[in-house]
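The values are calculated or read from the model by the stated rules, or taken from the named source; none is laboratory data. Every value quoted in this text rests on a predicted model; they were computed, and no experiment measured them. Quick reminder, even Gly has a Cβ in these numbers, built from the backbone with ideal geometry, and neighbours come from all protein chains shown. For accessibility, only protein heavy atoms count, side chains too; no ligands or nucleic acids. Shrake-Rupley method; radii C 1.70, N 1.55, O 1.52, S 1.80 Å.
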Amino acid sequence: SEVFPVDKRGNEGGSDLAWACVLILESLIPVVVDPVIGKSRILVTPSMKERAKEIAETWKKSLEERGGIENVKTPDVHTFLQHLVTFGIVKKEDLEFYRKLVVASAWRKQMPKLAVSLGLGDQMPDMIEELISKGQQLDAVHFTYEVGLVDKFPPVPLLKSFLRDAKKAASSILDDPNNTGRAAQLAARREQSALRAVIKCIEEYKLEAEFPPENLKKRLEQLEKTKTEKRKPVVVPANKRTRVNNGGPMPPAKAGRLTNAYVSSFPAPPPFVRSP
């Protein structure tokens, strides 16, 4: 009741309690779904089911206050959909609504399985095409494996397309005049994230024969090495004094200090205080 159907803790509340609720809902599935009788959920009493429906309706109504599907947090979507599946209160008339929620939060690892449990199996090809059109090829790969559509949507071309898009995005960051200071760092981080995700996907689905990850790992090491080298501080000798540009003698060592070497009409600058 603290976190679902509406989080009542305000901005101070963390996500641990909400995540624990999702884990409980997931672990209840083997309990309420009888292996002999089937998916009728006889252990869920009528009063319990009615209460679950009320909670689901409250969550749906709260969407308007949050600004609609586009602005709702993915953990909240995950909890809601898992709630529907666990208590067996999926509505056929709401399938389009469920589909929009799944696509909006498709990057969540559990979404492909939830989509099937919600009865969206027939809509999977269209959902996968929608994800691809949005540049979410990596999410599309996870969905294809969940429903066995690998032949229709081969994963390797999708992963390569995802990497190309990531490189284009990194290049656009470098070309952005508003990011001149941190452009290289942001671009490298974007490409690194994409490389790690693709390498993990290759290993998860055993795609090494079709898409050897060695070159990807080398590129990732190269980016990480560049990042490490940029972090190294430049060491300057403490007592080194450079000669003035005109080739004349060096000024006395004490001339640059705030002493009575000269009198200025401007107030002395405040002393430099090193931050802790």
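Quick notes
- Each peptide among 212-222, 108-118 gets the average number of other Cβ atoms lying within 10 Å of its residues, and from highest to lowest they stand as 108-118, 212-222.
- Whole-Hz ³J(HN,Hα) from phi, Karplus 6.51 cos²θ - 1.76 cosθ + 1.60, for the range 192-206, glycine and proline x: 4, 4, 5, 4, 4, 5, 5, 4, 5, 5, 4, 5, 5, 9, 6
- Under the convention that each Lys and Arg Cβ holds +1 and each Asp and Glu Cβ holds -1, the size of the dipole of the range 1-89 around its Cα centre is about 280 debye.
- Å² of accessible area per residue within the range 1-89, as computed with a 1.4 Å probe and no ligands counted: 61
- Of LYS92/LYS200; LYS73/LYS113; LYS60/LYS152, those spanning more than 31 Å from alpha-carbon to alpha-carbon: LYS92/LYS200; LYS60/LYS152
- Accessible carbon and sulfur surface of the range 1-101 relative to its total accessible area, %, 1.4 Å: 57
- Solvent-accessible area of VAL141 with every protein chain in place, 1.4 Å probe, in Å² to the nearest 10: 0
- With every protein chain in place and a 1.4 angstrom probe, the accessible-area ranking of TRP19, TRP107, largest first, reads TRP107, TRP19.
- In the complete set of protein chains, residue-level accessible area for HIS142 is approximately 60 Å², probe 1.4 angstrom.
- Estimated dipole of the range 154-230 in Debye, rounded to 20 [Cβ of Lys and Arg +1, of Asp and Glu -1, Cα centre]: 180
- Across the protein chains, with a 1.4 Å probe defining accessible surface, the residues ILE42, ILE89 rank ILE42, ILE89 from largest area downward.
- For the range 108-223, the residue among GLN123, LEU207, LEU220 whose Cα projects farthest onto the positive side of the dipole built from Cβ charges is LEU220.
- R0 of 25 Å, Cβ-Cβ distance ASP151-ILE29: FRET efficiency to nearest 0.05: 0.25
- Residues TYR98, TYR145, ordered by accessible area of protein heavy atoms at a 1.4 angstrom probe radius and largest first, appear as TYR145, TYR98.
- Between the listed residues HIS83, ASN71, VAL36, the Cα displaced farthest toward the positive end of the dipole of the range 1-89, a dipole computed from Cβ unit charges relative to the Cα centre, is found at VAL36.
- To put it simply, the accessible area of the range 154-230 at a 1.4 Å probe is 51 percent carbon and sulfur.
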